[in-house]
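K.L.:
The structure that follows is given in the form of C-alpha cells.
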Amino acid sequence: MTSASSPTRNAVRLGLRRGWTEFGQSISSTQDQGFYLFTGAATVGYLFLRRDTEVEGTDLLLPSVALPSILGALIAFGVIIGPAYALAMEKEDGTLLRHKAVPHGLQGYFTGQLLFQSLSLLPQMVVILVPSFLLFGDLMADPSGWLTVAWVIPLGLLATMPIGMVIGALVPSTQKVGTWGMLPVLVLTGISGIFYPIQALWAWVQVVAQVFPMYWIALGMRSAFLPDEAAALEVAGSWRTTETVVVLGIWALAGALVTPRVLRRMARRQTGSQVEAAREASLQWVR
Amino acid sequence: MRQGLPFEDERAVLQLDRIDADAVRVVTDVIDGEDASTGYASWRCHLSREASGGCRRGILGCRGAVSGTCLGGVMEPVVRVRDLRMRYGDQDVLTGVDFDVAAGEVVCLLGPNGAGKTTTIEILEGFRIRSAGEVSVLGQDPGQADEDWRARTGVVLQSWRDHPRWTPRKLLHQLGGYFAPYSTPERRRPHDIDRLLETVGLTDLADRKIATLSGGQRRRLDVAVGIVGRPELLFLDEPTAGFDPQARRQFHGLVRALADTEGTTILLTTHDLDEAEKLADRVLVLAAGRIVADDTVDGLSRRLEGEAQVRWTAAGTRHSESVPDATAFVRALFAEHGDEVQDLEVRRASLEDAYLTLVQQHEAGHGEAAARLFAEVSQ
C-alpha cells in the first residue's frame, strides 16, 4: 500500500482514473445517451434530407461538404460548453471544494476534467460518423484524410478546451453559462462557415470568424474529408494548412499559459460559504 | 488549564484520558498520576523517543489509545489564534479572536448564527484569507500552508449534490488515494475503506449511487470523506444541521469515537448548546466577533450558576450585576439607595438561560451588548 511515488504523479494518476470513471458513468447514463443520440439523429437527419443537394461549383453532394464542418463545430462546441458547464456546476455543488480539501486534489481534479471532456467527444463522433458512412457514399475522399483528422482533433481540443475552462471559472453561476458561454459560441458557429461559405459574409465578420479557432477546426476537417479540388471553395482557394496549425497553435499556447492561472485564482476563492450560498440560491430557484 | 512541568528532553506532562497497553509503548514511565477535577487523569511521565519526537514538532504522535495533551514544555498547541480579525467591506465580522486548541482536544465553537463561526473555521481550514491577526495550525499559517499540511488536516464539508453518479465506495477510494503518498508506519493513510464505511454505517449503501442517499446518509459520507486521510486535526462546520435526533445521536458517538480511538484533534462549530455539551471537552463561545467565554461546559455552568443576576433601575438608568450572594447585595442596595431602586429583578442564571439570552439579543441586533453581558456573567 505504501506508495513511493511523488504526490503530483499520484494525483495525476488519480485524475486519470477519475476522468475514466466519469466517462464510464456518462455513457451508461440514459440522460447522456439521450443527448448523444439526439445530436446524432439531428445531424444525420439534416444531412439525409439534403442527401441529393449538389453543392454549387462542384460535383460534390451536400452531406460530403457539410459533415466535416458540422463535426468541427460539434468538437469546438462540446469542449467549450462541456467544461464551462462542468466547472460552473462543480464550483457550486462542492466537487471542487472537496478536491481543495485533499493534498494535490486540484491537480487530480483538472486532470480528470481534461480526460473526461476529451473522451466525451468519442461517442459524439461515433453516433454521427457510423450512420453517415452507412447512409452516404464518398464521405472520405482519400483514406490519408484520417491522418489529418488525427492531428486536427487534438490540436483543436487544445485550442478550445481552455476557453471553456476559463468561461466556467469566471461565470458567477451555472445559469450564467448560457449568456457568457452558449450565446457567443452559437454566434461564432453561425459565422464560421459551417452551414454556408464564410465568403458570403461581410468582410469584417470574416475577419472576426478567422480570429477564433472554430473556423479553423472546421476548415481542417474539410481538408481531411474532401478532395483537393474542393479547396477552390475556400478563402484564397486553399486549405491553408500552415495557417490552421499556426492559429490553433497560438490559441493552444495562450490557453496553456492563461488557464492554470485563472483556475488557481478560482480555486483560491472557493469556500464552503460559497457552496452554501449556491445551495440556498438553488432552493429559491426551485421554489 | 493546569500548568505542567517544563518539558525537559524526553519528559512531558501529559493529560491523558486513557492509558492502556498501546499507550505504555509511548509513555515509557509514569512518574505519578492523579485525578484531576476535570474528570481526566493527569499524568506526569516520560515519553518514548518516538512520542517526544512528535511532541517537538508540536503534536504528540497519538497512537492507538493515547489521546493526550502535552501541558508543559515545548509542545505547541495544534491551533493557535491571536487577535484574529476579519472585515468584509466595512463590516467587522471578527474583532479580535484569541484561543488555543491542544492536541487531542475536542473543542466546540459555539455561537448564534452570524457570530462569525464559519468565517473563523474557514480561515483555519485555509479556505479564506484573514484580514489581520496571527494564526498557526499544525505549526503553519493556513493561508500559506503547503500540500503536506493539507494531508494532516481533514475537513467535513456539507455536501449537497456533488458526485451524484459515484458510489460511496468509489468516491472514498478516489479521494482517499490522494493521502497514500503521506502514509507512514505510525499512521497508515488512507483508512481502510471497508472499515471506514462500517464506522460511518454505510456498508449496506456502499455501492449505491450517491444521488439515492438520504440527507443523513450523505452527511455520514461527508464525515467519511473528511476522515479518510486519517487527519491529525479535523474541522466540522455545523455538522448536524438538518439531522433528526436519531442521526444526531449516532453522529455524536462517531465523533467521540474518533477523538478517543484515533486521538484526532477536533474543532467543530455549532449553534446548539446541547450539542456542544455532548461533544466537546471545551467550549468557546463566539459572539459579536470575539470569544466571550472559554471553558468546559461544566465549568461554564458552575460559574454561571454560582452567581445570580440582579437587575434594577435607579435614577432612570438600568443596572445589571451578577453577584455570588444576591440577598446580601440587595440588602446593601436598599440601604444605599432606598426608594430610588425600582424594577428589581433577581434571577439565578443557568448556562442555558445565559446562552439563550445571548442568542436572542444577537438576533435582535444587539450583538455587542449581549456579548459584553455574557462575558461579564461568565467571568
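The values are calculated or read from the model by the stated rules, or taken from the named source; none is laboratory data. Predicted model only: the values in this text are computed from it and were never measured. Using ideal geometry, Cβ is built from the backbone for each residue, glycine included, and neighbour counts are taken over all protein chains shown.
K.L.:
Mind listing just one residue for me: the one in the range B:198-216 that is under 26 Å from the mean Cα position of the chain (by Cα) and in a helix (DSSP H, G or I) and, of those, modelled with the highest pLDDT?
P.N.:
Restricting to residues being under 26 Å from the mean Cα position of the chain (by Cα) and in a helix (DSSP H, G or I), the top hit is B:E198.
K.L.:
Would you point out which residue out of B:R165, B:R150, B:R195 is within 12 Å of chain A (Cβ to nearest Cβ), over 23 Å from the mean Cα position of the chain (by Cα) and charged (D, E, K, R)?
P.N.:
B:R165
K.L.:
Still on this structure, I have one more. Please list, ordered by first then second residue, the pairs with beta carbon atoms under 7 Å, 6 or more apart or interchain, first in the range B:273-285 and under 21 Å from B:V79 (Cα atoms), second part of a helix (DSSP H, G or I) and charged (D, E, K, R).
P.N.:
B:L279/B:R256
K.L.:
Between a residue in the range B:213-239 that is at negative phi and any residue that is in a helix (DSSP H, G or I) and of a type in the set (S, T, N, Q), which pairs come within a Cβ distance under 6 Å, given they are 6 or more apart or on different chains?
P.N.:
B:D237/B:T118
K.L.:
Sort out for me the strands (runs of 3 or more DSSP E) sitting completely within the range B:217-335 that have 1 or more residues that are touching a helix residue (DSSP H, G or I) at 6+ places or on another chain (Cβ under 8 Å) and under 23 Å from B:G116 (Cα atoms).
P.N.:
Answer list for the range B:217-335: B:233-237, B:265-270, B:282-287, B:290-295.
K.L.:
If only one of A:Y109, A:Y46 is more than 14 Å from chain B (Cβ to nearest Cβ), out of contact with any Phe, Trp or Tyr (no Cβ under 7 Å at 6 or more places or on another chain) and among the aromatic types (F, W, Y), which one is it?
P.N.:
Only one candidate qualifies: A:Y46.
K.L.:
Would you check if there is a residue in the range A:170-193 being outside any helix (DSSP H, G or I), of a type in the set (S, T, N, Q) and closer than 30 Å to A:G94 by Cβ?
P.N.:
Checking the range A:170-193: at least one residue is outside any helix (DSSP H, G or I), of a type in the set (S, T, N, Q) and closer than 30 Å to A:G94 by Cβ.
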